[in-house]
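Trainee: Can you read through this structure? Questions will come right after.
The values are calculated or read from the model by the stated rules, or taken from the named source; none is laboratory data. Small disclaimer: the values here were computed from a predicted structure and weren't measured. Quick reminder, even Gly has a Cβ in these numbers, built from the backbone with ideal geometry, and neighbours come from all protein chains shown. SASA here: full protein model, heavy atoms, side chains in, ligands and nucleic acids out. Shrake-Rupley method; radii C 1.70, N 1.55, O 1.52, S 1.80 Å.
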Amino acid sequence: MKALFLHENTMCLALGSLLAEAWDFHVLELFTDTESAITWIEQEKPDLLISEWKSGDIDSKRSVDALIKTNPSGKIIFISTTREQRDIPAKLLPFIIGVVDKSKGWNELNEALRRWNAAQHVDKQIKAKINLEELSRLAPRELRLLCELGKGRVNKEIAQSLELSQNTVATYRKIIAQKLRISGSELVRVAVLARCLNLCD
């Protein structure tokens, strides 16, 4: 399965890691400009387009139109807010497999992908690429911080949630990465997977 992202923001990057690692998608590219995205859509004919949806956003509409034209069986996941979801045109509904709320994205994305796979009669399970033994090395507070990171939150938000300073959060992130034997850049991917595999519950 080939996926293309339009809008390169923190959440899209995290969702891209989730699709690649947990659902075996080949993430083709991350785009911020519409013209490049449309060119890639026409060349690669992705199975899935993930894009932000904002009311009145002509760029999102053009990209979606390009996907439907080049791959009529292609599907869409929109990242949006609850308020903006009401403005998605009804004609796009047959192509949409999910609208992911920015505030609670991971669970909604997983559920959308499960429904899509079930509709296609694809027997695909989420793969656990996290070493569970290594996760068990984390102290309860470290695991909680990892799970907050897995919700797509930045250091400032994590600090507020856990009543810590931002410097302390940054220190915790380094410690967690060392314990899991991963780089700092891989930490968000692992955090997303941990949350999606219900290791945070």
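Trainee: Please determine, by comparing only the residues of the stretch 89-98 that are closer than 12 Å to Lys75 by Cα and at pLDDT 80 or above, which one is surrounded by the most Cβ atoms within 10 Å (Cβ to Cβ).
Mentor: Ile97
Trainee: A further question on this structure: Considering every residue within the stretch 8-26, establish whether at least one is at pLDDT 80 or above and open to solvent by 10 Å² or more (accessible area, probe 1.4 Å).
Mentor: No: the stretch 8-26 contains no residue that is at pLDDT 80 or above and open to solvent by 10 Å² or more (accessible area, probe 1.4 Å).
Trainee: Would you call Leu138 assigned to a loop (DSSP other than H, G, I, E, B), over 30 Å from Ser51 (Cβ atoms) and modelled with pLDDT of 70 or more?
Mentor: Here the answer is yes, as Leu138 does meet what is asked.
Trainee: Now for a separate question. Look through Ile68, Ile176, Ile76, Ile158 and report the one residue that is modelled with pLDDT of 70 or more, assigned to a strand (DSSP E or B) and open to solvent by less than 50 Å² (accessible area, probe 1.4 Å).
Mentor: After ruling out the rest, the residue left standing is Ile76.
Trainee: Within the stretch 34-64, work out how many residues are surrounded by fewer than 20 Cβ atoms within 10 Å (Cβ to Cβ), in contact (Cβ under 8 Å) with a residue 40 or more places away in the chain and assigned to a helix (DSSP H, G or I).
Mentor: 2
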